[in-house]
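Let me begin by presenting the structure, written as structure tokens, before commenting on it.
The values are calculated or read from the model by the stated rules, or taken from the named source; none is laboratory data. Predicted model, so just to flag it, every value in this text is computed and none were measured. Positions of Cβ are backbone-derived with ideal geometry, glycine not excepted, and every protein chain shown enters the neighbour counts. Each accessible area value is taken on the protein alone, full model and side chains, heavy atoms only, with ligands, DNA and RNA left out. Shrake-Rupley method; radii C 1.70, N 1.55, O 1.52, S 1.80 Å.
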Amino acid sequence: MAFNGTWKVDRSENYDKFMEKMGVNLVKRKLAAHDNLKLTITQEGNKFTVKESSTFRNIEVVFELGVTFNYNLADGTELSGTWSLEGNKLVGKFKRTDNGNELNTVREIIGDELVQTYVYEGVEAKRIFKKD
């Protein structure tokens, strides 16, 4: 339940390089750097609802731990995968549907921040959120 709440992006680390590796063009990368992303996370047992609101889109994603689902990134990249809870970390293991490459994500609470770490093709990036 530690993930519950509304989280607003505060800062990013290596996010531009990560997006470049993902194949996101320069214009979209520059816009994404200032997307004002806000996540509202609600956990009920094994079911999570994540409302994402940003400059680009507002969506709601509902998933259950360990159950495969499809998800589209803001740039349109399609993913398929699962989230699991490993200790105090939400661990996402996804594959791109266009090329089969893996995108791994970890969400964890560190202090009073939600840290989301992405790894794609050896490039790691972080987005750090503060409670809104």
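What are the pairs with Cβ atoms under 6 angstrom where one residue, in region 2-24, is among the hydroxyl-bearing types (Ser, Thr, Tyr) and the other, located anywhere, is open to solvent by less than 70 Å² (accessible area, probe 1.4 Å) and not in a helix (DSSP H, G or I)? Sequence gap at least six, or different chains.
Note: pairs meeting the criteria are Thr6/Thr40; Ser12/Arg127; Tyr15/Ala125.
I need the full set of residues from region 29-53 which are modelled with pLDDT of 95 or more and basic (Lys, Arg), in order please.
Lys38, Lys47, Lys51
Looking at region 71-97, I want the residues that are of a type in the set (Gly, Ala, Ser) and have a partner that is open to solvent by less than 40 Å² (accessible area, probe 1.4 Å) and in a loop (DSSP other than H, G, I, E, B) with Cβ atoms under 6 Å, at least 6 apart or on another chain. Which pairs are those?
Ser84/Leu65
Pick from region 13-72 the residues that are in a helix (DSSP H, G or I) and open to solvent by less than 70 Å² (accessible area, probe 1.4 Å): which of them is nearest to Phe94 (Cα to Cα)?
Looking at the filtered set, the residue picked out is Met22.
Go through (1) modelled with pLDDT of 95 or more; (2) more than 15 Å from the chain's Cα centre (by Cα); (3) of a type in the set (A, V, I, L, M, F, W, C) one by one and return the number of the condition Leu26 breaks.
Result: Leu26 passes all but (1).
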